[in-house]
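For reference, the structure discussed in these notes is given below.
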Amino acid sequence: METKSRIDFIALFLFVAITCIGIASVYSATSEAGAFTLLEGRSGKQIMWFGVSVFLGIIIFILNAQFFEAFSMYIYIALMLLLVAVLFIGADINGARSWIRIGSFSLQPSEFAKYGTAFAISSILSTIGFSWEKKADILKIAAIVLIPMGLIVLQGDTGSALVFLSFFIVFYREGLTPNILVLGIAAIVIFVLTLVFGSLAFSIGTVLCLLVFYAFTYTNKKVLLPSIAIAAVVILFSLSVQFLFDNVLQSHQQKRIQVTLNLIEDNQGAGYNVNQSKIAIGSGGFSGKGFLNGSHTKGDFIPEQETDFIFCTIGEEGGWVLSSITILLFVLLVLRLFHLAGRAKKKFKRIFIYSLASIIFFHLMVNVGMTIGLMPVIGIPLPLISYGGSSILAFGIFIFTALKLDASRVYDLQSHYI
Amino acid sequence: MYQHRSLYIYAVVVLIGLLYIMRLLQIQVIDDKYAIIAEKISLRKQTIYPQRGLIFDRNDKLIVYNDPVYDLMLSVPIKLKGIDTLGLCALLEIDKPEFDKRLAKAKSKSYRGKSVFKKNISNLVFARVQERLYEFKGFFFEIRQDRNYKFNSSSHVLGYLGEVNKLDLELQSDEFYEQGDFVGKKGVEKFYEDYLRGIKGEQYFYVDKFGVNKGPYKKGKLDVPAIDGNNLKLSLDIDLQQYGEMLLNNKMGSVVAIDPKTGEILALISSPFYNPSNFNIQNRGNYYAGAIKDPTKPIFNRAVSAPYPPGSTFKPIMALIGLQDEAINEHTHFGCPGYYRLGRRIIKCHGHTFSTSLQRSIASSCNTYYCNTFKNMMQSDKYANTEEAYNSWREYLKSFGIGKELGIDVSGEIKGWLMDASFYDKMHGEGRWSYANIISLSFGQGELGLTPMQMANVASVIANRGYYFTPHVVRQIEGIDKIPEKYLMKNYTKISPTHFEPVIEGMHEVTLSGTAAHIAIAGLDIAGKTGTVQNPHGKNHSAYIAFSPLENPKIAIAVVVEEAGYGSTWAAPIAHLLIEHYLQPDSVEGSSRQYLVDKMKNSNLIPLKLRALRDTAIYGN
Ligand SMILES: [Zn+2]
């Protein structure tokens, strides 16, 4: 217990390394053949926001770690109020009401909401006596997650709302029954199969499976009813998926999903972004076309190439080598954060750091998956890399807070309730 | 509690990371589809057009030079967003419906990543649009070389450029041409296309989604500079050519002048002719239709495409054949009572002394002499029958380049008319024709047609005493320093050189005391032969062949003036003026003949009927 409080340099290094890749990529994606330097334009702003987050990080490190635990619910509530406020005073940009204008800056509260939610969840889950068996506790947790999700959906930013699903990773880690995850995965599988084969074919397939299952187990009368019930539920779900897909989803949403599942090719319409993005990344080859030499990036073929589709620039100019390194750095950062969470002596800290790691992982999986055609187009940024002040600042503060919580572990006593 | 679950989560994170890295490996390294598509989308090849070779005359006077034209192009895929359409319309001087029409057309017809929006834009409009081009994303200019001309002259020799057509594109072996390229369509532009066109360069660069150039590909490593075409030096003497064109002003006819020692064409005139500047890429659209409708046929190259019976200009050839075939010898005399009797038919002759020598027969153009010569040959014991004799006669003519294509480098060359024996078999019945049926061939009438080019070539043969070089207008291809082999070879006739002297003497007499004596030119020995060609459709054609000087000849010439009358009245004076102009450009004598020049220049010999027709055809109503 003599060790002094110290920042985890491995995580810090990974954080800074990814940020640097981000700044270079934003520079490449936005500069016109060296029309301005790294310090100007959007890359300059990116550096500035990183600077601001470092400044706030220093303040965070000055603060007492106890502060966060004590004020976690207040932080959450304050950020939720901001989400409500944005609905009324937000600026409407591209059909989404997600930004609050402050002078020349636009603040995106949904980026910070994850931070607040992580505090609230860490706080609730680490409360003595919390149990997944208690309905009240589950309702509390559900409310904490659903309130920001709902508010963000109201802003018209479904992608950012989906990010809150990453808390399920935390919940699973903290004891939530995996059945929910299994059900979720089963639902996704049925969803995909229904869209690929149609609900009729899927239902016939299910019935056939049921019959085959019978052929082997007809002696065992006990499985008869439950299996029929399961099949019925599955078929019902499939039919409702088909119904919802056909009647509730808007056509551009239908197309996005169909394009992702390779059901339709629509390279000029809904599939345009993904197609161009795959072309940009795919044309990078093994070692890439070189910094500032991405013809697809330079040609401005990919919409939002400095924000949601920033990975294209990395893939095109850095090739397989740099894209793999980037993914590797992220994976290492996530694993390192999991490790930091694991060594925390307080449950609050563990859950908070775990939340951060889960959120980064979710962003990585969805964002990169989208650019390489493995995920539908969901507009969320690649953490620390995509251009955007709010995202950079929010993740910066988030990471610094996690590092602070980790650094202060030496003062903690091993909690008895881990 | 639940610590083992962390392991599952770690595993999922690592697995997703690996999955993505493998997916990246697949699309980036293993599958090269995307790289190919990316290049297709964002890599553009721009052709750098070389300067087409310039064309000079034999005295290094520039005749043809390049004149840039601008095509406004659209980059494909066409994405026009936020463009000041009306502004562009105003600059291009078109209206909105026209703009939309062009846009629709451009969208439907694209080729190698680009599409034509408007062709052949003038320098002025180009400068205006270029200034604001950055505003019109997706539009760019292609610059190509049209032709322009220093002189309103020589259009039939020079020919013109045109856009390469589908057939040319399909037939080309070297993939040189792309749609929209200019290619020589006629004249030397066509014959020497391979030298004049040069070698195209290539420039590779990236474009953005609007087609705007975003910088070179691989730092220009793959770029290839264009290599300009070879300049061409013609054998034409542009000064002589223009002088001849002036003399043929308001006449339908031709002049072909050849340097017999080399076969180089010094002047090739077909009148009327079009202004070559009117037929370049930019202007042809405005003039072509009118030129096509013009009944005096300015596009038609009479010099190489029009067959005329040679009339009396044929007599020297007939004399040479008679001598070679021993139908006559150089001392043969025939009596001429002013006609030649053929059974009940009479072929008229002109007034001259009764007994004619070979020389006098040429100088006084005696028909009787040649009827007799021809009869002798056709009935010669050497031949089994008339057909055999005719075939022999025909072979002689062919050796003069008559009845076949000479292989000149001027567009539109024809064989002319020289019938097979079978033609007469069909006409009169097999074996049922004799010299009497074809006797008019002996003085150049009947089923015989020579182009002015072939007539000039005959003059060249006589000047050379028995051979000719295939006439050609190319003198030098710069940078190659040789001309096609076939223009350097002597083509021998079947006439022995010894037979030429008496005939040349006769032709000399023509200009001393014969049909062209009235226009003798002091200081110049000219051998000539007039011809008055019967024309069933109107006035006779006036024809003349000549060469000068007698020894070491420098110029051989043929002149035909349609529907003009006697050869001695029009064709001969024009020929003599041209010979003088070429051989004695500074002669004092020449300037005193200004009245003759003026007479030729100012006489309008185009039939009144055609003049009226021409006015309606070209100017409407
Ligand atoms: Zn006579």
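The values are calculated or read from the model by the stated rules, or taken from the named source; none is laboratory data. Computed from a predicted structure; not experimentally measured. Glycine also receives a Cβ, built like all others from the backbone with ideal geometry; neighbour counts cover every protein chain displayed. Accessible surface areas use protein heavy atoms only, side chains included; no ligands, DNA or RNA. Shrake-Rupley method; radii C 1.70, N 1.55, O 1.52, S 1.80 Å.
Place a label point 7 angstrom from the Cα of A:D246 along the Cα-to-Cβ direction, then list the residues of the range A:174-215 whose backbone nitrogen is under 20 Å away. So the set is A:190-207. Put simply, the amide H of B:Y340, placed in the peptide plane, has neighbours under 5 Å in B:I347, B:K348, B:C349, leaving out anything fewer than 5 places away on its chain. Here each label is just a point 7 Å from Cα along the line to Cβ, and for A:A201 and B:E170 those points are 4.4 nm apart. Setting aside same-chain residues fewer than 8 positions from B:K529, which aspartates and glutamates have a Cα under 14 Å from its Cα? Answer for B:K529, where 14 Å is the Cα cut-off: B:E505, B:E509, listed by chain and number. Protein heavy-atom accessible surface, 1.4 Å probe, per residue over the range B:1-83: 51 Å². Under the membrane-span-like helix rule (DSSP H runs whose alpha carbons stretch at least 20 Å along the helix axis, mean Kyte-Doolittle hydropathy 0.5 or higher), chain A yields A:9-30, A:41-62, A:65-89, A:109-125, A:135-155, A:179-197, A:199-217, A:224-247, A:310-343, A:347-371, A:389-407. The GNM of chain A, with springs linking C-alpha atoms under 10 angstrom apart, assigns the highest mean-square fluctuation among A:I378, A:I351, A:I180 to A:I180. The alpha-carbon of A:K347 sits under 20 angstrom from the alpha-carbons of these lysines, leaving out residues fewer than 8 places away in its chain: A:K114, A:K134, A:K140, A:K404. The C-alpha atoms of chain B define a longest principal axis, and helix B:386-399 lies at about 60 degrees to it. Contact-buried residues of the range B:195-229, at a threshold of 20 Å² lost accessible area versus the chain by itself: B:Y206, B:D208, B:K209, B:K214 (1.4 Å probe; DNA, RNA and ligands ignored).
Amide H to amide H distances under 5 Å link B:D146 with B:D67, B:V69, where only residues 5 or more positions off or on other chains count and H is placed in the peptide plane.
Please give the residues of the range A:317-359, grouped as numeric ranges, whose backbone N is less than 19 Å from a label point set 7 Å along the Cα-to-Cβ vector of A:I188. Backbone N within reach: A:331, A:334-335, A:355-359.
So how tilted is helix B:238-247 from the main axis of chain B? Cα-based, degrees 0 to 90, rounded to 10. Around 60 degrees separate the two axes.
Counting 0.36 nm for each residue step from B:S422 to B:L103 and taking away their Cα separation leaves a gain of 108.8 nm. For the protein assembly as shown, carbon and sulfur atoms together expose 59% of the accessible surface, with a 1.4 angstrom probe and every protein chain in place. The heavy atoms of B:T515 present about 40 square angstrom of accessible area, all protein chains included, probe 1.4 Å. Among the trypsin sites (Lys or Arg not before Pro) in the range B:202-273, those placed in a DSSP loop whose Cβ has at most 11 other Cβ atoms within 10 Å are B:K221. Pairs exceeding a 27 Å alpha-carbon distance, out of B:K40/B:K218; B:K118/B:K297; B:K166/B:K219: B:K118/B:K297; B:K166/B:K219.
Legend: residues B:L43, B:L19, sorted from most to least accessible area (1.4 Å probe; ligands, DNA and RNA excluded), read B:L19, B:L43. Evaluating kT/(6 pi eta Rh) at 10 °C and 1.306 mPa s, with the Kirkwood radius of chain A over Cα pairs in the Stokes-Einstein relation, gives 68 µm² s⁻¹.
Report the residue, chosen from A:I257, A:I385, A:I228, that carries the largest GNM mean-square fluctuation when chain A is represented by alpha-carbon nodes joined by springs under 10 Å. The residue with the greatest mean-square fluctuation here is A:I228. Within the same chain, aspartates and glutamates fewer than 8 places from B:K293 are excluded, and of the rest, those with a Cα less than 20 Å from its Cα are B:E562, B:D615.
Rolling a 1.4 Å probe across all protein chains gives B:E485 an accessible area of roughly 130 Å².
Residues whose amide H lies under 5 Å from that of B:T470, counting only those 5 or more places away or on a different chain, are B:M489, B:N491; hydrogens are built 1.01 Å from N in the peptide plane. If you sort B:F191, B:F279 by accessible surface, 1.4 Å probe, largest first, the order is B:F191, B:F279. Accessible area per residue (1.4 Å probe, heavy atoms of protein chains only) ranks B:R341, B:R23 as B:R341, B:R23, with the largest value leading. The mean sequence separation of alpha-carbon pairs under 8 Å and at least six residues apart, normalised by the residue count of chain B, gives a relative contact order of 15 percent. Entry note, chain B: the mean residue ellipticity at 222 nm calculated from DSSP H runs of n ≥ 4, each adding -39500 (n - 2.57), is -10000 deg cm²/dmol after division by the residues and rounding to the nearest 500.
Of A:G159, B:L596, A:S324, whose Cα points farthest to the positive end of the dipole of the protein assembly as shown (charges on the beta-carbon: +1 Lys, Arg; -1 Asp, Glu; origin at the Cα centre)? It is A:G159.
Taking 25 °C and 0.890 mPa s as the conditions, I'd like the Stokes-Einstein D for the protein assembly as shown in µm²/s, using the Kirkwood hydrodynamic radius from alpha carbon pairs. Value of D from the Cα-based Kirkwood radius: 66 µm²/s. Computed from Cα atoms, the angle from the helix B:3-24 axis to the main principal axis of chain B rounds to 10 degrees. Remark on the range A:315-348: accessible area falls by at least 30 square angstrom from chain-alone to full-complex state for A:W320, A:I327, A:V331, A:L335, A:F338, probe 1.4 angstrom. Taking the Cβ of B:Y2 as the centre, find all other residues whose Cβ is under 9 Å away and add up their charges (Lys, Arg: +1; Asp, Glu: -1). Net of charged neighbours comes to +1. Summed over both chains, the contact between A and B buries some 3600 Å² of accessible surface at a probe radius of 1.4 Å. Go ahead and set up a Gaussian network model of chain A, Cα springs under 10 Å, then flag whichever of A:T127, A:T401, A:T217 fluctuates most. Between A:T127, A:T401, A:T217, it is A:T217 that shows the largest mean-square fluctuation. Protein heavy-atom accessible surface, 1.4 Å probe, per residue over the range A:296-381: 20 Å².
Using 0.36 nm per residue and subtracting the Cα-Cα separation, the extra length available between A:Q66 and A:I7 on full extension is 19.6 nm. Accessible area of B:I408 (1.4 Å probe, protein heavy atoms only, ligands and nucleic acids ignored): about 10 Å².
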